Amino acid sequence: MKTGMIGIGTWRFFLSFLVAISHLYGNMIHGPAAYAVWGFFVLSGFLMTLILTKKYGFSSQGLRDYATNRILRIYPGYIFSVLLGIVTLVILGRFSLPSTALNPAFFFPRTTYEIIDNFLMIPFFTGGLYVPVASALFVEVWAYALMPFMARSKHAAILAFLITLAANLQYGIFPESFPQRYAGFATGLLAFATGSLVLHYYETLKRFAMPLTSVAIWCVHGVLWLFNVYYPWNYGLYVSMLLSGWVVVSLFHIKSSNTDKWLGDLSYPVYLLHTTVGMFFYFLFGERSFLFFLISFLATM
């Protein structure tokens, strides 16, 4: 391995940055936020397949250790974000300020089931969220439960890819179906299956590794909305998914520097907290200006 300017950690941080700026800056181009979320899914599919095959294995003890590791990596940060979300909602309510100004899902759950759902992170959620961006995280958490099947066998990963591709096609690839395809559990699993297949076929694919080129093309693809406003909601999500697989192949062999690891560690809390933190500044600005984004993002950091 060689150390480079861009590694997996930097890539993760860049994806979280795209989600944050898309939510906090009103003039941000459309598409990259969705591409970034599915980019996270692809990376997770790749990394979960890697650690299951190389570290934990598929014995009962190995799977227990895998599950414990995932819980310890995900839940502490999530619970902190839930508590901050509750405090934020109470403060906004005290001043009669609308909590949905930045995200329509940010409001108190209305039923006991919805409250429980927030903590169990079940990916079939329709109510209020304490963490307004958590719906994609719910998909990811429960995808972890299915990763051992895809990790154990490339044929299972291929089958998962085909079944979840069919789930996407069943909705029809047009803008009106985008919310269901993008945020659905069965449809989102397509990106995890893609990441798993990238690991299964890594030895074949690594000959196409081009770190800077793959990242540059991924970014150029992200601005195609400027030329076709419907593109991200049609096929853009799936092209970005394949490009994300190429980026992962290209960056995986690069040894992480300390800065790369630090940025990677920041990506998860930045993703979780940026909208909640932004609410403390939004009503000072009254709009999603670039200055509002900048201050909110720095406060999140």
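The values are calculated or read from the model by the stated rules, or taken from the named source; none is laboratory data. It should be emphasised that the depicted structure is a prediction, and the values quoted were computed from it without experimental measurement. All Cβ positions, glycine included, derive from the backbone under ideal geometry; neighbour counts span all protein chains shown. Surface accessibility is based on the protein's heavy atoms, side chains included, excluding ligands, DNA and RNA. Shrake-Rupley method; radii C 1.70, N 1.55, O 1.52, S 1.80 Å.
Overview of results
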| quantity | calculated |
| --- | --- |
| Within the accessible area of region 200-301 (1.4 Å probe), percent carbon and sulfur | 69 |
| Kyte-Doolittle at least 1.0, axis length at least 27 Å by Cα - qualifying DSSP helices, the chain | 32-51, 134-152 |
| Inter-label distance, nm, simple model (7 Å from Cα along the C-beta direction), Phe80/Gln170 | 3.9 |
| Carbon/sulfur fraction of accessible area - region 71-146, other protein chains in place, 1.4 Å, % | 72 |
| 1.4 Å probe accessible area per residue over region 148-301, in Å² | 50 |
| Carbon + sulfur, % of accessible area of region 16-61 - ligands and nucleic acids excluded, 1.4 Å | 57 |
| FRET efficiency for Ser59 and Lys154, using Cβ-Cβ distance with R0 set to 22 Å, rounded to 0.05 | 0.65 |
| Potential extension, Lys255-Leu298 segment - 0.36 nm per residue separation minus Cα distance | 12.7 nm |
| Kirkwood-Stokes translational diffusion coefficient of the chain, alpha-carbon pairs, 4 °C, 1.567 mPa s, µm²/s | 65 |
